[in-house]
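Engineer: Please see the structure below; I have some questions.
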Amino acid sequence: MPITSSAKKALRQAKTRRARNIIRKDAYKAQVTGLRKLVVSKKIEEAVKALPAVFKALDKAARTKVIEKNKASRLKSRLSQLINKSTKASS
């Protein structure tokens, strides 16, 4: 346990930040999972409408350094490819 007052404050801050980061991480993961489920269940139009919300969650997680910028870009790219591939397959 921390002894000095500055160490106690640092611990409080770390706990608060950890909680905030977990909430943001869960938010983007839920969005990505939901989008993948829509694609698997052949609801392509709904998936296309949900894509901006997923991108927003990923960008916010990257901006607040919950995930790396490149990871957000990679996920966005792969989700776009998934939707494009399933759009062509359903046509």
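Engineer: Say whether the condition of being out of contact with any Phe, Trp or Tyr (no Cβ under 8 Å at 6 or more places or on another chain), more than 30 Å from M1 (Cβ to Cβ), surrounded by fewer than 11 Cβ atoms within 10 Å (Cβ to Cβ) and polar (S, T, N, Q) is met by at least one residue in region 14-37. Give the steps one after another, and end with the answer.
Structural biologist: Step one: list which residues in region 14-37 are out of contact with any Phe, Trp or Tyr (no Cβ under 8 Å at 6 or more places or on another chain), which gives 14-37.
Next, only the ones that are more than 30 Å from M1 (Cβ to Cβ) stay: 27-37.
Next, only the ones that are surrounded by fewer than 11 Cβ atoms within 10 Å (Cβ to Cβ) stay: none.
The answer is no; no qualifying residue exists.
Engineer: Also, quick follow-up: Residues to consider are A50, A62, A89; find the one that is among the small types (G, A, S) and loosely packed, with under 15 Cβ neighbours inside 10 Å. Explain how you work it out, then say what you get.
Structural biologist: Numbers: A50 fails: loosely packed, with under 15 Cβ neighbours inside 10 Å; A62 fails: loosely packed, with under 15 Cβ neighbours inside 10 Å.
After applying the criteria, what remains is A89.
Engineer: Residues S86, S6, S80: which one is of a type in the set (S, T, N, Q) and within 19 Å of the chain's Cα centre (by Cα)?
Structural biologist: Numbers: S86 fails: within 19 Å of the chain's Cα centre (by Cα); S6 fails: within 19 Å of the chain's Cα centre (by Cα).
Being of a type in the set (S, T, N, Q) and within 19 Å of the chain's Cα centre (by Cα) holds for just one of S86, S6, S80, which is S80.
Read the figures in this text as sums done on the coordinates, not as results from a lab. Predicted model only: the values in this text are computed from it and were never measured. Every residue, glycine among them, receives a Cβ derived from its backbone with ideal geometry; neighbour counts consider all protein chains shown.
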